[in-house]
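Working notes, structure below.
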Amino acid sequence: MKSNVLFFLLLFLSYSSAAENGNPPKTLKAIKLKKSIVLDGKLTESIYQKIPIEGFIQRDPDEGKIESERTKVWVTYDEENLYVSAKLYDSDPNGIDASLMRRDNIVESDWFFFFVDPYNDKRTGYFFAVNAGGSISDGVLYNDSWNNDSWDGVWQAKTSIDDKGWNLEMKIPFSQLRFNEASSMTWGVNFNRDIKRKKESTYLVMVPKSESGFVSHFAELKGLDGVKPQQRVEFLPYIVQKAKYLEHDSGNPFYKSNQYKTSIGADFKLGMGSNLTIDGTINPDFGQVEVDPAVVNLSAFETFFPEKRPFFIEGSNIFSFGFGGSNNNWGFNFGVPELFYSRRIGRSPQGDISDNDYSNYPSETSILGAAKLTGKIADNWTLGALSAITERTYATLDNGGLRSKEEVEPFTHYAVLRSQKEFNDGKQALGLIFTSVNRDLRDSSLSTALTKNAYTLGFDGWTFLDEDETYVVTANIIGSYSHGSKEAIESLQERPHRYLQRPDAEFARIDRNKTHLAGWFSRVMLNKQKGNFYINTAIGAVSPGFEINDLGFQWNGNKFNGHFVTGYRWYEPDNIFRRKSFYISHFRDYNFDGKNTSNGIWTAANFQFNNYYSVNLRASHNFSAFNDRWTRGGPSVKLPSEASFSLFANSDSRENIIGHINSRYAYDANGTQNYSVGLDVQWKPSSQIDISFGPEYNRRKEKRQWVDSFEDPTALKTFGSRYVFAHIDQKTISGNIRLNWTFTPQLSLQLFLQPLFAVGSYSNFMELAKAGTNDYNKFGSENSSIKYDNENDEYIVNPDFNANAEEITFENPDFNFKSLRGNLVLRYEMLPGTILYLVWSHDRSNDEYAGNFNFSRDFSKLWKAETNDIFLIKFSYWLNM
């Protein structure tokens, strides 16, 4: 670890200064209004007689050529607002696409984007977008070329279409922007216009495809003199009424008391000067607008679900760690860990409860309050802090009419601190992140299941290696520390990321008397930012004791990793392709015992044709390697070599019917096969309606599917336990169905449905014959027997007659899971920031006929299954004080 820190510091200090390269930025002038603009999208005010901003350059389809349709832009302001207005000439006004869409749902259309960097720090900013129909999108810019649309500002836009083209006016309150107050300010700005029918994208400042960066190339906007930002105080009270109609036992005494629920609370924003904002929430409503998809997870690892709650989504990029500086990050089984996985806050309770007749077990932990501070201390110094408190949560049990309560989640405090400072115009940066989870553990059962305290501390940064900013090195290092009871720490040691109980582990073995667990993670990466020829390489390591799951999401532990990627990218069109690229890479992993756990080659080829159809190909080959997680806490095994091939194809996104195909085939030397094919069709029957349907079929024939493990002192070759596997034939049919119906830019209806049919049939049960090998003994051959007990739906195995081994019994693992999940959301933005939601959430499931797939029968069973329906109405009112 010390060598990693030293290497990072040397890289950081190796570059002390650099001169600006290239041409000086364009300089634009903002016009001070004497009379406010009437926001109607018609450009009738006399201010539009002033000289406009012009000279847009194509990035597509003909990079470097002037725009095919003239565009004129004006930037004006008054005491409270910034106005951006544009006249977008079009030789074919009937060809203007004015499709309506819900906010932030950007689809192919005629768009105008305004990008602004108020700090003029060359790396961060905002974007505001309006299409010809008046639909809007907004978000933030960061890391010079990345964007995130989770931020929703309160601003207005109006558009109109006439015989010369279309017009727009944006009104953006200064209170919605963060900037350093000064008597005379210089901001970075850029503008972009998209013309759908021509597939044309033009910019005032066009960054060639072979270059890197975006914000750093912006023009300079001067003339913003005397702007005095107002004290920002926004208050957003809300009320939610829910009605639940759920599958339940008719005798359940808890059902009716939970059926109807009213919630009242409020969110608020408080500006700390023009740089920092405090977001807070009182009795927050963290209900999700869209349901999580149903999954069938046969691995030992939890499923990652993205965050969908607005309080945590907005500004989430500030808390991202380990990705800055580089415009591309390759993982190859070793991504940077997510230290702040906000879905841990308010998660489902984790405690077990006693046997009971009926129970009222909460589905989530209530958040008493949460607040976050985000913004900049200075032009190049970002700060983010979050604090949240969840209440002590109880389940209520009923046994023959007698009620009792048991604690299932302790009172908990979560905290995150993130800061990053850039140096030398963004050519170097150094940042830190700190997270903490502190639980008030009073219940003995929870004390044995959960840690009392958990902390992480990480540092990250980057440095460019040349004046032209072609090569950049990024690095990070993280330490973790968890403290709790012996039982809680033992449970951490046995998690799938490390499996310290493995009988053949050498570097780190389980210690059942420990009351703490500590570890570290570090990675260093080199990336070539621009040009046709490409290179990326990285090395990293994560120790066996590294643990972040109390507030983060962890994929790796006990691993050394390295990869090398090279490739070539053609940006210039030829007779067939508009652009194409090719990459090839090699990657390799070792665990801390020195065993090679991954060794492979991966290639990719991407082609976009001149008609804007595209094809992407992927192929990989993994050589035989050890796997220290295959037996889920048992000894390592040797996995055979494997290969995979993938194909993705897309049609022209301008068409009314858009198609996407994905397919994959994989196999290994044991005979395992896995193939899938998916189709996604998007149909736009009118300018207001967007329908998509995405069916997918997957067939998985795994020859070594995990079943269970059993202690047996006669199993000498596998350290006193038997590790049972089987063949599995799994068929999965799923689909995503979406309807977006936008009546006006403020009123929209959204439907989402996800049917899922997953059937798995197990056969040819076997056990690992010898640790460290790919050898298995099939039950029922030579010295073993297996029989199926139909009455109890279980298998009974005598694994070894000669060794007088005890019989082992396990349930039939076959499954047939069918589900339908969906929701319907009506969203009406009555006034800027004031929104009414009407929501219906629905799900149903069935698990009959395990191991046997019959689509018509299974569909019928699902259709007749009992349902869970939740109806919700939410009204929130935005007050700008």
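Here are some notes:
- Residues of type aspartates and glutamates that K26 reaches as a straight line, Cα spacing below 15 Å, ignoring anything fewer than 8 places off in the same chain: E54, D117, E220
- When the alpha carbon gyration tensor of segment 707-816 is reduced to an equivalent ellipsoid, its three semi-axes come out at 47, 15, 11 angstrom, largest first.
- Distance between the modelled labels on R699 and K50, one decimal in nanometres: 6.7 nm (7 Å Cα→Cβ projection).
- Considering only N606, N591, T566, the residue lying farthest towards the positive end of the dipole of segment 493-629 is N606, judged by Cα position with unit charges set on Cβ.
- Accessible-area order (highest first, 1.4 angstrom probe) of the listed residues L716, L836, L446: L716, L836, L446
- Proximity of backbone amide H atoms, modeled 1.01 Å from N, is registered between A508 and no other residue at under 5 Å, excluding neighbours fewer than 5 places apart on the same chain.
- Too-long pairs where the Cα-Cα distance tops 22 Å, listed order kept, from K87/K158; K122/K427; K638/K731; K72/K199; K701/K864: K638/K731; K701/K864
- Global geometry of segment 409-567, whether rounded, prolate or oblate, following the gyration tensor of its Cα atoms and the 1.5 cut on a/c: oblate
- Computed from Cα positions, the angle between helix 855-864 and the longest principal axis of the chain comes to roughly 80 degrees.
- Only protein heavy atoms count here; on that basis, with a 1.4 Å probe, S784 has an accessible area of about 10 Å².
- Test item: Cα-centred dipole of segment 590-705, Lys/Arg +1 and Asp/Glu -1 on Cβ, debye: 460
- The chain: antiparallel DSSP beta bridges as a percent of all, rounded to 5: 100
- For segment 771-835, Kirkwood radius (reciprocal of mean inverse C-alpha pair distance, Å): 16.9
- Rolling a 1.4 Å probe over the protein heavy atoms leaves Y361 with an accessible area of roughly 80 Å².
- Size of charge dipole - the chain - debye, nearest 20, with Cβ of Lys, Arg +1 and Asp, Glu -1, no other charges: 1560
- With Cα atoms, 0 to 90° folded angle of helix 2-13 axis to the chain main axis: 10
- Evaluating 6.51 cos²θ - 1.76 cosθ + 1.60 at θ = phi - 60° for every residue in segment 503-511, the Karplus couplings come out as x, 9, 5, 10, 5, 9, 10, 5, 10 Hz, glycine and proline recorded as x.
- Anisotropy class assigned to segment 239-288 is prolate, per the alpha carbon gyration tensor with a/c at or over the 1.5 cut-off and a/b larger than b/c.
- Per-residue accessible area (protein heavy atoms, 1.4 Å probe) orders V437, V38 as V38, V437, starting from the largest.
- Largest-first ellipsoid semi-axes for segment 318-417, taking √(5λ) over the Cα gyration tensor eigenvalues, angstrom: 40, 18, 7
- Extents of segment 504-626, taken as max minus min of Cα coordinates on every principal axis and listed largest first, are 69, 33, 24 Å.
- Pairwise Cα inverse-distance average, inverted: Kirkwood Rh of segment 565-627 (Å): 13.6
- The length gained by stretching the chain between D78 and N328 to full extension, at 0.36 nm per residue less their Cα-Cα distance, is 86.0 nm.
- Estimated from helical segments only, the mean residue ellipticity of the chain at 222 nm is -1000 deg cm²/dmol, where each DSSP H run of four or more residues counts as -39500 (n - 2.57).
- Inverting the pair-averaged 1/r between distinct Cα atoms of segment 111-194 gives 13.7 Å as its Kirkwood hydrodynamic radius.
- Estimated at 0.36 nm per residue, the fully extended path between Y245 and R509 surpasses their Cα-Cα distance by 90.1 nm.
- Take the Cβ atoms of S785 and T448, set R0 to 41 Å, and the FRET efficiency comes out at 0.55.
- Most positive-pole-ward Cα, N147, G95, I318, against dipole of the chain from beta carbon charges: G95
- For the chain, the relative contact order is 9 percent, taking Cα pairs closer than 8 Å that sit 6 or more residues apart in sequence and dividing their mean separation by the residue count.
- Peptides 133-143, 647-657 ranked from most to least packed by the mean count of surrounding Cβ atoms within 10 Å: 133-143, 647-657.
- Distance from the C-alpha centroid of segment 73-143 to that of segment 642-704: 33 Å, rounded to the whole angstrom.
- Residue among W878, Y245, T124 farthest towards the positive dipole end of the chain, charges placed on Cβ: T124
- Within segment 815-843: backbone nitrogen closer than 15 Å to the D869 label point (7 Å, Cα to C-beta): 821-825, 839-843
- Largest first, the residues M206, M101, M830 sort by 1.4 Å accessible area into M830, M206, M101.
- For the chain, the square roots a ≥ b ≥ c of the C-alpha gyration tensor eigenvalues yield an a/c of 1.5 or more together with a/b exceeding b/c, which makes the shape prolate.
The values are calculated or read from the model by the stated rules, or taken from the named source; none is laboratory data. Note that this is a predicted model, so its numbers are computed, not measured. Neighbour counts are summed over all protein chains in view; Cβ atoms, including those assigned to glycine, are modelled from backbone coordinates with ideal geometry. Just so you know, the surface numbers come from the protein's heavy atoms only, side chains and all, with ligands and any DNA or RNA stripped out. Shrake-Rupley method; radii C 1.70, N 1.55, O 1.52, S 1.80 Å.
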